[in-house]
Amino acid sequence: MTNKPSNQSNTNIRLFNYGKCSTCRKAKQWLDTNEVTYTEIPIVDTPPSKEELHQIWQNSGLDIRKFFNTSGQFYRELNLKEKLPTMSEDEMLELLASNGKLIKRPLITNGAKTTLGFKEQTLEEMWGK
């Protein structure tokens with residue numbers, strides 16, 4: 001789904017979200033209210049590939065561990081709190097790409113900029129007009 005056009009500086013924004021996630025719905029509502037054009041991608045059905053995640057992560061400037069949904073069921077089941085410190089970046093990217101529920105959501109990116117989760121102030125700074 002692509003929403004109505006807005007300013008050109010935020011072209012090719014992708015919203016990776018999960019429809020049952022209230023945080024994702026808040027972010028989507030914020031984007032719609034602020035007339036930000038985006039393409040919605042269901043993160044569970046179509047998680048970003050390992051290569052795509054690598055690019056997003058590299059351009060974000062964030063620690064790769066920030067991309068993990070630490071409050072998720074799979075994170076706990078896989079005991080990732082204990083395992084992540086010893087995993088390589090490549091292994092982490094592989095794991096994130098294997099299951100969209102492991103990725104912190106919503107993930108909003110245009111390739112150059114990325115936001116994780118929903119904080120209105122952060123969305124305003126990154127995606128506002």
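The values are calculated or read from the model by the stated rules, or taken from the named source; none is laboratory data. Keep in mind that this is a model prediction, so the values were computed, not measured. Here the Cβ is made from the backbone with ideal geometry for all residues, glycine too, and neighbour counts use every protein chain on show. When the accessible area is computed, the model is the full protein with side chains, heavy atoms only, and any ligands, DNA or RNA have been set aside. Shrake-Rupley method; radii C 1.70, N 1.55, O 1.52, S 1.80 Å.
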The helices (runs of 4 or more DSSP H) lying wholly within region 58-100 that contain at least 2 residues that are open to solvent by less than 40 Å² (accessible area, probe 1.4 Å) are 89-98
Among N12, N69, which is the only one that is modelled with pLDDT under 95, under 29 Å from G128 (Cβ atoms) and out of contact with any Asp or Glu (no Cβ under 9 Å at 6 or more places or on another chain)? N12
Is at least one residue of region 67-81 closer than 19 Å to E40 by Cα, aromatic (F, W, Y) and touching a strand residue (DSSP E or B) at 6+ places or on another chain (Cβ under 8 Å)? yes
Among all residue pairs at least 6 apart or on different chains, which show Cβ distances below 6 Å where the first residue, located in region 47-59, is of a type in the set (S, T, Y) and the second is open to solvent by less than 30 Å² (accessible area, probe 1.4 Å) and in a helix (DSSP H, G or I)? S49/A97
Just give me the residues in region 101-124 being surrounded by 12 or more Cβ atoms within 10 Å (Cβ to Cβ) and hydrophobic (A, V, I, L, M, F, W, C), in sequence order. L102, I103, L107, I108, L116, F118, L123
Please go through region 43-57 and give me each residue that is surrounded by 13 or more Cβ atoms within 10 Å (Cβ to Cβ) and acidic (D, E), ordered by number. E52
